[in-house]
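Visitor: Just passing along the structure, written as structure tokens.
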Amino acid sequence: MRVFKIAILMVVVALSTTVTAQKSAKIGHINSNDLLSAMPERNEVQKELEDYASQLKVTMDAMRKEYETKVGEFQAKQDVMTDIIKETKIKEITDLERRIGEFQQTAEADLQKKETSLLQPIIDKAKTAINDVAKENGYTYVLDSSAGSVLYSVEGDDLLPKVKTKLGIK
């Protein structure tokens, strides 16, 4: 009987500790996409990415124009070409198609890499501000509502205004 009473007492203590721990948790949420959009550095990054993408597009357009010119010349003159010249022109056109495809893949990957490298300092700055606001205001957890993982957030506090203030964003 004594073992039974001790076991019940341990269960009651464990449950009361769990309830106390749950009540002391302070939960807040923030939409990180809204925060990043509000940061002035984001506009600078967007402009730089657009400029870079424009440069890549100019190169791609020049390659496509060269391709169209070669195909047009080939189609116009193929009836008077010898077989060896036809094969050479077809190989040139095929090589150009391949180079265009490779350039497009490389350009997309390079643009993505540039975006990541330009955004990382902004993301780090936002994370630091979120962490600072959470610590200053005693939050145990901060959820990112932009990820769609928050289904119910009436109990939590939206930290976006405080983080914007911390970053000097109006």
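Visitor: Which residues, taken from the stretch 130-150, are hydrophobic (A, V, I, L, M, F, W, C) and either over 21 Å from GLY168 (Cβ atoms) or exposed (fewer than 15 other Cβ atoms within 10 Å of the Cβ) (or both)? Spell out the reasoning first.
Guide: The first filter runs over the stretch 130-150 and keeps only residues hydrophobic (A, V, I, L, M, F, W, C), leaving 130, 133-134, 142-143, 147, 150.
Of everything in the stretch 130-150, those that are hydrophobic (A, V, I, L, M, F, W, C) and either over 21 Å from GLY168 (Cβ atoms) or exposed (fewer than 15 other Cβ atoms within 10 Å of the Cβ) (or both) turn out to be LEU143, ALA147, VAL150.
Visitor: If I ask for residues that are of a type outside the set (Asp, Glu), within 30 Å of LEU167 (Cα to Cα) and in a helix (DSSP H, G or I), which ones from the stretch 37-91 would you list? Break it down stepwise before answering.
Guide: So in the stretch 37-91, the residues of a type outside the set (Asp, Glu) come out as 37-40, 42-43, 45-47, 49, 52-60, 62-65, 67, 69-72, 74-78, 80-82, 84-86, 88-91.
Going one step further and asking which of them are within 30 Å of LEU167 (Cα to Cα), we end up with 37-40, 42-43, 45-47, 49, 52-53.
Residues satisfying the conditions are SER37, ALA38, PRO40, ARG42, ASN43, VAL45, GLN46, LYS47, LEU49, TYR52, ALA53.
Visitor: Output yes when any residue across the stretch 91-103 is modelled with pLDDT of 95 or more and farther than 30 Å from TYR52 by Cα, and no when none is.
Guide: Taking every residue of the stretch 91-103 in turn, at least one turns out to be modelled with pLDDT of 95 or more and farther than 30 Å from TYR52 by Cα.
Visitor: Between a first residue in the stretch 23-39 that is under 19 Å from ALA147 (Cα atoms) and a second residue that is loosely packed, with under 14 Cβ neighbours inside 10 Å and charged (D, E, K, R), which pairs have beta carbons less than 9 Å apart while being 6 or more apart in sequence or on different chains?
Guide: If the second residue must be loosely packed, with under 14 Cβ neighbours inside 10 Å and charged (D, E, K, R), the pairs left are ILE27/GLU155; SER32/LYS127; ALA38/LYS170.
The values are calculated or read from the model by the stated rules, or taken from the named source; none is laboratory data. Bear in mind that the values here come from a model prediction, so they are computed numbers and not experimental data. FYI the Cβ positions are ideal-geometry reconstructions off the backbone, even for glycines, and counts take in every protein chain you see.
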